[in-house]
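Notes to accompany the following structure.
The values are calculated or read from the model by the stated rules, or taken from the named source; none is laboratory data. Predicted model only: the values in this text are computed from it and were never measured. Note: ideal-geometry Cβ built from the backbone for every residue, glycine included; neighbour counts use all protein chains shown. Just so you know, the surface numbers come from the protein's heavy atoms only, side chains and all, with ligands and any DNA or RNA stripped out. Shrake-Rupley method; radii C 1.70, N 1.55, O 1.52, S 1.80 Å.
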Amino acid sequence: MNRLMATERHTSFLRRRTLALACAPVLFALAHSLAAQTPAAQPTAQQQAQAQQLAASQQHAQKVQDIIDRAEKSYKSGVDNYNNNRLDAARQDFDFAVDTMLSSGMDLKTDPQLSDEFDQLLSKINSLEILALKQGNGFSPTLDAAPIDAATDVTFPPADPALLGRVTNELKTTTSDLPLVLNDYVAGWISIFSNQPKYHGYLKRSLERAGKYKEMISKILRDNGVPQDLIYQAITESGFQPQALNRSSGAGGMWQFMPFGSGTYGLVRNGYFDERFDPEKSTIAYAKYMKYLYAQFGDWYLAMAAYDWGPGRVQHLVSRTGYADYWELYRRGGLPAETKAYIPGLIASIIMARNPAQYGLTDLMPDAPVLFDTVTTSYAIDLRLVADLTGSTVPEIVALNPALLRLTTPRDIPYDLHLPQGTRDAYLDRLKEIPEDNRASWRFHVVKEGETLDQIALSLHARAAEIATANDITPGKPIEDGDELVIPISAYSSSAGQQHYTVRRGDTLVTVADRFGVTVEQLRTWNRLSSNSVTPGRSINVAEPVRLAPGYSSRSRRGRNSTRATRGGRSYASTPAHGTSSRSHSRSSSAAATSSRTSAKKRHAR
């Protein structure tokens, strides 16, 4: 019985085991299915925040890049229109580029990429406006293009063994405080400067112009403890032309400072003057910057390369290649074409300038040094009046003040105005007769033999009666040869709340804008002009036209009456906006007479 019961228990165990083994795959599949349906562990709050932050960062970066791409596209279109003299279209493109960034809804100040793009965009646009101002004033000189600007177009002939031998011998007796070397690259530039008329002429004119500034530059280099032969870097940069401006990069002045980095060394830029174009102040900035670059690289050639290409780029190339040697970087092809031409061209200039007889430079006639007196102004004064007071010409005054962007000094901003040497006392003495508020429009005249009051009034666009009143001229006290006259000029007349000006021969929108303290863009908007040219005799608005209030009309009008919003007086970069309301430069005859009694007394106290 016990055996039977044991057998039955064993049989029952086997059945259960067999059933378990048979059901195992089904149970395993069921468990796997249930596990798949069980939710995975939820991410932590920190992980969720990081994921959201990453997504937001990627979205922000994409938005920033889209804004920059659209702004750059508009800017490039503007440059194309500008270069093809389509100024209206260029202005619209530039405005759209700026508006793209301003209306993006992004904080331009806190985003480094947008801030950098915006600053560079404004600086590039401002540089083109500066060029337009300089060209528009009618007195800017024609400039020679620097050879470095065409570096990519220069084809070097094979090195001439005879030339190499001759220059090698010259170097034995050539003194310089820079480490002059001779190689195929330097020899190539010597050959070009010697044999190609275009480049030989540029070098010759540059060395002649250097006479204007040599003493001043030499002193500044010496005061800052940098090599004297760095003066020849001005040949490579600008040919000693203070008003040189590179359209593509925006670099300007004798030392070609970039507009958005010049402030580091104290160069001030605004809508009236740009000290990059001041020979003395820009040379001080240049000497300080070169001293800084040499301290960083410990090599003058690398310092020059950094000056041209940027210290960050040069430092990166040195770190990448492991060579802190300009010529090794040159041979390894890491430098751009302009920087590759920069140092060899400079060395070639030094060698040729130090050995003029061997290179056809013995007939140089250096320009006379630029000498001047200086007065500091904090009032607006037209350069034509400055020329009157100093007995000089407007081109002379413009040449002495290349940093000025307009034909007037700024109001309420100190400016060091340069006058012809020896004229400071006469300027200050005569200036006393001109009320400060009228120095931007009034004139001064010394009577010549045989001149009549009507002739003087006609030549200066003034009224004879106002001249007579201001200078106490009567039939019993007529003008005489040598009399010094204050010339009141009514800049415009007021009519029905609007201010107008009648265009005269020689006027441009730039000169009219300067006279009334407005911008060229405002004049074009107020008068619906499509270019900067205006016809003599035309009456134009020099202040924003008065808009009649809704519901009031002087005359019924037909058709659609549309109003367009304008952006008069937009200022770019560090250029301050000019006032949109014109200031009256005219005075009543009685006021003018009162302010000019001293002049009348001087006129007859002879």
Suppose the filter is open to solvent by 60 Å² or more (accessible area, probe 1.4 Å) and over 17 Å from Ile343 (Cβ atoms); does Asn224 pass it? no
When you scan the range 369-386, do you find a residue that is closer than 23 Å to Ile217 by Cα and small (Gly, Ala, Ser), even just one? no
Of residues in the range 193-205 being touching a helix residue (DSSP H, G or I) at 6+ places or on another chain (Cβ under 7 Å) and in contact (Cβ under 8 Å) with a residue 60 or more places away in the chain, the one farthest from Ala399 (Cα to Cα): Ser194
In the range 409-427, anything open to solvent by 10 Å² or more (accessible area, probe 1.4 Å) and of a type outside the set (A, V, I, L, M) is listed as Arg411, Asp412, Pro414, Tyr415, Asp416, His418, Pro420, Gln421, Gly422, Thr423, Arg424, Asp425
Which members of the range 369-396 meet the condition of being outside any loop (DSSP other than H, G, I, E, B), modelled with pLDDT of 95 or more and open to solvent by less than 60 Å² (accessible area, probe 1.4 Å)? Asp373, Thr374, Val375, Thr377, Leu385, Val386, Ala387, Asp388, Leu389, Thr390
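Residues to consider are Ala387, Ala403; find the one that is within 24 Å of the chain's Cα centre (by Cα) and either more than 30 Å from Asn195 (Cα to Cα) or outside the structural domain of Ala187 (by the TED database) (or both).
Ala403
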Screening Ala295, Ala357 for residues that are more than 26 Å from Pro402 (Cβ to Cβ), part of a helix (DSSP H, G or I) and at pLDDT below 95 leaves only Ala357
Kindly provide the set of residues from the range 327-356 that are within 14 Å of Lys204 (Cβ to Cβ) and out of contact with any helix residue (DSSP H, G or I) (no Cβ under 8 Å at 6 or more places or on another chain), ordered by number. Pro356
Among (1) surrounded by 21 or more Cβ atoms within 10 Å (Cβ to Cβ); (2) modelled with pLDDT of 95 or more; (3) out of contact with any Ser or Thr (no Cβ under 7 Å at 6 or more places or on another chain) - the single one Phe240 does not satisfy: (3)
Considering each residue of the range 428-452, count those that are outside any loop (DSSP other than H, G, I, E, B) and either surrounded by fewer than 21 Cβ atoms within 10 Å (Cβ to Cβ) or in the same structural domain as Gly252 (by the TED database) (or both), and give that number. 7
Restricting the range 150-185 to residues that are in a loop (DSSP other than H, G, I, E, B) and acidic (Asp, Glu), the one modelled with the highest pLDDT turns out to be Asp177
Which condition number in (1) surrounded by fewer than 17 Cβ atoms within 10 Å (Cβ to Cβ); (2) modelled with pLDDT of 95 or more is the one that Ala465 fails? (2)
What are the residue pairs meeting all of these: first residue in the range 263-289, first residue more than 23 Å from Pro227 (Cα to Cα), second residue hydroxyl-bearing (Ser, Thr, Tyr) and part of a helix (DSSP H, G or I), Cβ atoms under 6 Å, and 6 or more apart or on different chains? none
Out of Ser123, Ser115, report the one residue that is touching a Pro at 6+ places or on another chain (Cβ under 7 Å) and either among the hydrophobic types (A, V, I, L, M, F, W, C) or within 27 Å of Val268 (Cα to Cα) (or both). Ser123
Mind listing whichever residues of the range 268-283 are open to solvent by 60 Å² or more (accessible area, probe 1.4 Å) and modelled with pLDDT of 95 or more? Glu280, Lys281
Looking only at the range 504-526, how many residues end up being open to solvent by 20 Å² or more (accessible area, probe 1.4 Å) and either assigned to a helix (DSSP H, G or I) or not small (Gly, Ala, Ser) (or both)? 10
Considering only the range 65-106, state which residues are touching a residue at least 12 places away in the same chain (Cβ under 8 Å) and more than 24 Å from Ser249 (Cβ to Cβ). Asp88, Ser104, Met106
